[in-house]
Each structure stands twice: as structure tokens, then as C-alpha cells.
There are 2 protein chains.
Amino acid sequence: ARPRVGYFYTGKTGTQLLTEKIKKLTVKEYQSIPVVVEESSSVYDAIVTMFLEDVGTLFVVDKNSLLVGVLSRKDLLRASIGKQELESMPVSVIMTRMPNITMCEKDDSIIDVASKLIEKQIDALPVVKKRGEQEYEVIGRITKTNMTKVLVDISHDELD
Amino acid sequence: ARPRVGYFYTGKTGTQLLTEKIKKLTVKEYQSIPVVVEESSSVYDAIVTMFLEDVGTLFVVDKNSLLVGVLSRKDLLRASIGKQELESMPVSVIMTRMPNITMCEKDDSIIDVASKLIEKQIDALPVVKKRGEQEYEVIGRITKTNMTKVLVDISHDELD
């Protein structure tokens with residue numbers, strides 16, 4: 001006999017189904033545009049770029065547009081209260097550099113990224129595309145702001 | 001006849017039930033400890049406090065411990081590349097001040113806070129307790145990091 005209710009028993013509760021839907025969300029659905037500076041840029045230029053673009057994290061690229069470093073507001077603030085001239089100090093002196101950069105790819109799960117942001121205590125990850133051995137092109141930026149947006153969408157039941 | 005399935009029809013889908021559970025999450029379940037500086041503190045002292053406590057937002061209080069301002073990393077970075085002496089500049093010159101501070105209370109919904117963080121483009125809200133007309137004591141701090149943690153908990157189905 002067919003059950004007389006509107007939902008069939010799948011062995012899963014509704015919350016499990018939503019949890020699975022959340023686990024299927026990917027980086028590309030929520031990522032932001034990356035803001036990059038060249039490795040020869042000065043710390044001063046990086047700070048100006050951060051304000052103009054209104055972001056909390058900058059990615060540093062080489063001449064071939066490959067990722068070589070990451071700069072957080074914290075890195076720039078630390079440098080700015082130091083004694084050195086910001087105009088003559090290259091960002092490469094203060095950035096977090098490869099291979100110590102935590103990255104992700106566009107098809108990675110949002111939840112994996114959220115876990116990495118918490119675990120590593122960072123605000124943003126570069127979204128990259130592998131170009132060669134230890135060579136990554138930056139194609140996006142995913143941040144705690146994006147994660148907050150995901151949470152709001154879930155509460156509005158706006159996952160497609 | 002009783003339906004032969006394990007779940008009763010409530011007129012709500014499972015995802016609606018989880019959505020409701022998420023909407024019931026409150027600030028007090030996720031808030032962090034606030035880090036405060038006095039309004040007479042220098043910008044330099046505030047920067048040092050921000051690094052020692054490893055936070056992205058400081059709350060500024062008066063002698064009665066009431067909230068008078070908020071300082072973001074961005075505010076401090078802007079000040080630090082200015083021409084003035086950071087040791088002699090009081091934080092009151094650069095802080096966002098009352099009544100322009102977006103606040104929340106411990107029983108507020110996490111989702112309302114998430115929406116405010118997105119809408120106002122800020123990283124953190126002070127959790128306050130009203131003490132009088134326009135007088136608020138700071139009792140907590142809630143940030144995009146806390147929101148990211150909520151998301152991870154939801155995906156692990158760890159809402160109690």
C-alpha cells in the first residue's frame with residue numbers, strides 16, 4: 001500500500017537531506033573576485049589597493065600571474081607600525097608565501113573551506129587553478145563574508 | 001489508519017524544520033569574549049591590544065564600562081599610514097562612535113546578526129546589555145568567524 005503522507009521514507013530525516021544539500025554547495029557558487037598585487041609592489045601600494053578595493057586580503061602574483069603570496073590586513077597593520085619606509089618595502093618581505101598558503105579550487109565544498117578558515121584562523125582563501133607543478137593561477141577569493149552569506153541563504157531556504 | 005512510514009506529516013518539510021532550528025540559534029550560544037580599550041587609550045595601544053588579543057575588532061568603553069565606540073582593523077590601518085603620531089592620538093579620534101554603532105543582544109537570532117554583518121559590511125558586532133537611555137554595557141563580541149563556525153556545525157548536524 002502507498003503511504004498516505006506526502007513524503008516517502010528514504011531512511012533519511014529532513015535535516016539530513018538539508019545537511020547533504022549544504023555539503024554539496026561549492027566554492028564557485030559563492031566566491032568573490034580576487035584582488036591581486038604584483039610581488040614587486042610596495043607595502044604602501046598594497047595598503048592603498050586594500051582600501052580602494054575594500055577587501056581584507058590581497059593575493060600576490062608573479063609576472064606570469066601565478067600565486068606567490070597572501071597579504072592580510074593584519075600583515076599590513078604589523079608592517080605599518082614598524083620603523084621601515086612603507087614606500088620602499090616590497091610586499092614580498094611581509095607576505096605569507098608558497099608553499100605555506102592554504103588554497104582551494106572552484107569545485108571544493110563550501111563546508112571544507114569553512115572548516116579550513118576556522119582551523120587555520122584566516123579570513124580568506126585564494127581560489128586557484130593548477131597550471132603546473134606548484135604553479136597556481138588565482139581565479140577567485142572566498143572569505144568569511146561569503147560564509148556568512150551562505151548562512152543567511154540557508155535560513156531563507158534559498159539553496160536551489 | 002496510521003501511516004506506515006517513520007515520519008508524520010506536519011505540513012512542513014524536513015528542510016523547513018532545520019531552517020526553523022537555525023532561526024532559533026541565538027547570539028549567546030556562539031558569542032566570543034569582547035576585547036575593550038578605554039577611550040583615553042592611544043591608537044598605538046589599540047593596535048598593540050589588537051595583536052596581543054588576536055582580534056579584528058576592539059570596543060571602546062568609557063570609565064563606567066559603557067560602550068562609546070568601535071575600532072576595526074581597517075580604522076587602525078588607515079590611521080597608521082597617516083602622518084600623525086600614533087602614540088599621542090586617542091582612539092576617540094578615529095573610532096566609529098555612538099549612536100552609529102550596530103549592536104545586538106544575547107538573545108538575538110544568529111541569522112539577524114548574520115544579515116546585519118552582510119548589510120552593514122562589518123566584521124563584528126558588540127553584544128550589549130542595556131543599562132539606561134543610550135547606555136550599553138559590552139558583554140560579548142560576535143563575528144563572521146562565529147558565523148563560519150555556525151555553518152560548520154550545521155553541516156555536521158551538531159545543532160542540539
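The values are calculated or read from the model by the stated rules, or taken from the named source; none is laboratory data. A quick note: this is a predicted structure, and the numbers were derived from the prediction, not measured. All Cβ positions, glycine included, derive from the backbone under ideal geometry; neighbour counts span all protein chains shown. The area values use the complete protein model at the heavy-atom level, side chains included, leaving out ligands, DNA and RNA. Shrake-Rupley method; radii C 1.70, N 1.55, O 1.52, S 1.80 Å.
When segment A:28-55 is filtered for residues that are surrounded by fewer than 21 Cβ atoms within 10 Å (Cβ to Cβ) and within 30 Å of B:T19 (Cα to Cα), the ones remaining, listed by number, are A:K28, A:E29, A:Y30, A:S32, A:I33.
From the list A:L67, A:L58, the one residue that fits, being more than 11 Å from chain B (Cβ to nearest Cβ), touching a Pro at 6+ places or on another chain (Cβ under 7 Å) and closer than 30 Å to B:I122 by Cβ, is A:L67. Checked against (1) open to solvent by 20 Å² or more (accessible area, probe 1.4 Å); (2) at pLDDT 95 or above; (3) over 23 Å from B:V37 (Cα atoms), B:D160 passes all but condition (2).
For B:R73, the requirement of being touching a Leu at 6+ places or on another chain (Cβ under 8 Å) and open to solvent by 30 Å² or more (accessible area, probe 1.4 Å) is met.
Residues that are more than 11 Å from chain A (Cβ to nearest Cβ), modelled with pLDDT of 95 or more and in a loop (DSSP other than H, G, I, E, B) are absent from segment B:14-26. Hey, can you tell me all the residues within segment A:70-87 that are within 9 Å of chain B (Cβ to nearest Cβ) and free of Cβ contacts under 8 Å to residues at least 12 places away in the same chain? The answer is A:K74, A:L77, A:I81. For segment A:57-69, filtering for residues that are open to solvent by 20 Å² or more (accessible area, probe 1.4 Å) and closer than 25 Å to B:M50 by Cα leaves 0. Within segment B:111-160, track down each residue that is within 14 Å of chain A (Cβ to nearest Cβ), among the acidic types (D, E), free of Cβ contacts under 8 Å to residues at least 24 places away in the same chain and under 30 Å from B:N64 (Cβ atoms). If the condition is that a residue be within 14 Å of chain A (Cβ to nearest Cβ), among the acidic types (D, E), free of Cβ contacts under 8 Å to residues at least 24 places away in the same chain and under 30 Å from B:N64 (Cβ atoms), then B:D112 is the only one that fits. Taken over segment A:76-93, the criterion of being in contact with a strand residue (DSSP E or B) (Cβ under 7 Å, 6 or more places away or on another chain) and open to solvent by less than 60 Å² (accessible area, probe 1.4 Å) is satisfied by A:L86, A:M89, A:P90, A:V91, A:S92. Evaluating A:D107 against the criteria (1) surrounded by 14 or more Cβ atoms within 10 Å (Cβ to Cβ); (2) closer than 30 Å to B:D157 by Cβ leaves one unmet condition, (1).
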